[in-house]
Amino acid sequence: METKRRFQVGEESAGQRLDDFLAERVAALSRMHIAGLLARGECSVNGSEARAGRRLRAGDAVELSDAPEVSNSMTPERAPLEIVHEDEHVVVLVKPSGQLVHPTRGVKSGTLANALAYHLNRFRIADFGLQVDEGGLKDDGNGLTEDEGQASSHPSSNPQSEISNPPLIRPGLVHRLDRDTSGLMVVAKTRAALSRLSQHFQRRLVEKRYAAVVAGRVERDELTIDAPIGRDEDARPRWLVAESGRQAETRLRVIERGARRTLVELEPVTGRTNQLRIHCAHAGHAIVGDTLYAGEPHARLCLHASRLAFRHPSTPVWSEFISQAPAEVLSAFSEEV
């Protein structure tokens, strides 16, 4: 049954694109699905149909038809995962550099979401001999499950192949890391966990720290980079520091100084697209390996999500996880010491 989601645009979101505004507030829907809803005219601003690139104003009333998510390519794929914690509500893992978090228009497989879709359903797949077709995943109200009929059993002598296929769990992607950034992520396994964690991220109740190697010698032990970030379709890269952009703040703390590079800890106070990379470059200390923002060449982007702390979605327990920066990141610093 179709329902409506309604939002009021606040001063802090003035000037933001409509698609970005919705993606931040409707965590249960993928960006691809939101784009499809907008293209089909399923969203209005102040009562009139609105498109993805519309710039919002404070006080605007946004209404989105909450239609079921259409089929996508989030197919379960067997792939290794570096899991540091798992319970019935969440999975905490370390994403490797070079891997997309979720499928895009151009990349339909090999993503973290594909690997998680397999991991979360591996026992169902093994027990029932399931072959999962490419298809949409939807929320059935109890958990995040795949559409009925998308999974079909292989004919076999296994008597369980006669049993109707169980629903498949969809990984709830609460936040994301760039393809080239490695490090800690938390993924929801239930609708309730997804909703609670999404609220915590939006209210900035989650603590995130990144280890990075940046160009140059950062002389101050600590500094705050406060510079608005916006999107310019005519610029390359599109995301950059712009007076018309949204407020963005990053805290930097020096861990160790080398001759020409510095090992730092970065704390994103806000969560704008490419924020850490943009702010470091803006401060004159681009992250090593960041070819998009004029960083010094290296085998990989030297940025790693090293600490993640949050209140568990089912209990009041404060959970903290640490991941050491990979050797290929630290090597970018040690070779300059």
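The values are calculated or read from the model by the stated rules, or taken from the named source; none is laboratory data. Computed from a prediction, not measured in an experiment: that's the story for all the values here. Cβ placement follows ideal geometry from the backbone for every residue including glycine, while neighbour counts extend to all protein chains displayed.
Here are a few things to note about the model shown:
- All positions within segment 12-40 that are over 20 Å from the mean Cα position of the chain (by Cα) and either assigned to a strand (DSSP E or B) or modelled with pLDDT of 90 or more (or both): 14, 15, 38
- Whichever residue in segment 311-337 is in a loop (DSSP other than H, G, I, E, B) and polar (S, T, N, Q) and, among such residues, is surrounded by the most Cβ atoms within 10 Å (Cβ to Cβ): 323
- Summed over segment 177-201, the residues that are within 24 Å of residue 329 (Cα to Cα) and either surrounded by fewer than 18 Cβ atoms within 10 Å (Cβ to Cβ) or not small (Gly, Ala, Ser) (or both) give a count of 8.
- For first residues located in segment 308-337 and closer than 20 Å to residue 287 by Cβ, partners that are small (Gly, Ala, Ser) and not in a strand (DSSP E or B) and lie 6+ apart or on another chain with Cβ distances below 7 Å form the pairs 328/299; 332/289; 333/258; 336/258; 336/259; 337/258; 337/259.
Conditions tested, residue by residue: (1) more than 22 Å from residue 17 (Cα to Cα); (2) at pLDDT below 90; (3) in contact with a Cys (Cβ under 9 Å, 6 or more places away or on another chain); (4) assigned to a strand (DSSP E or B).
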{"position": "57", "(1), (2), (3), (4)": "no, no, no, no"}
{"position": "63", "(1), (2), (3), (4)": "no, no, yes, yes"}
{"position": "77", "(1), (2), (3), (4)": "yes, yes, no, no"}
{"position": "83", "(1), (2), (3), (4)": "yes, no, no, yes"}
{"position": "135", "(1), (2), (3), (4)": "yes, yes, no, no"}
{"position": "141", "(1), (2), (3), (4)": "yes, yes, no, no"}
{"position": "148", "(1), (2), (3), (4)": "yes, yes, no, no"}
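- Selection from segment 287-310 of residues that are out of contact with any helix residue (DSSP H, G or I) (no Cβ under 8 Å at 6 or more places or on another chain) and outside any loop (DSSP other than H, G, I, E, B): 291, 305, 306, 307, 308, 309
- Inside segment 210-255, residues that are of a type in the set (Ser, Thr, Tyr), over 12 Å from residue 278 (Cα atoms) and part of a strand (DSSP E or B) make up a count of 2.
- Subset tally (residues that are part of a loop (DSSP other than H, G, I, E, B) and out of contact with any Gly (no Cβ under 8 Å at 6 or more places or on another chain)) for segment 176-203: 4
- Within segment 104-126, the only residue that satisfies the criterion of being of a type in the set (Ser, Thr, Tyr) and part of a helix (DSSP H, G or I) is 118.
- Given (1) at pLDDT below 90; (2) farther than 27 Å from residue 204 by Cα, index of the condition residue 5 fails: (2)
- Selection status of residue 204, surrounded by 12 or more Cβ atoms within 10 Å (Cβ to Cβ), basic (Lys, Arg), over 11 Å from residue 276 (Cβ atoms) and touching a Pro at 6+ places or on another chain (Cβ under 8 Å): no
- Given (1) at pLDDT below 95; (2) surrounded by fewer than 14 Cβ atoms within 10 Å (Cβ to Cβ); (3) not charged (D, E, K, R), number of the condition residue 98 does not satisfy: (1)
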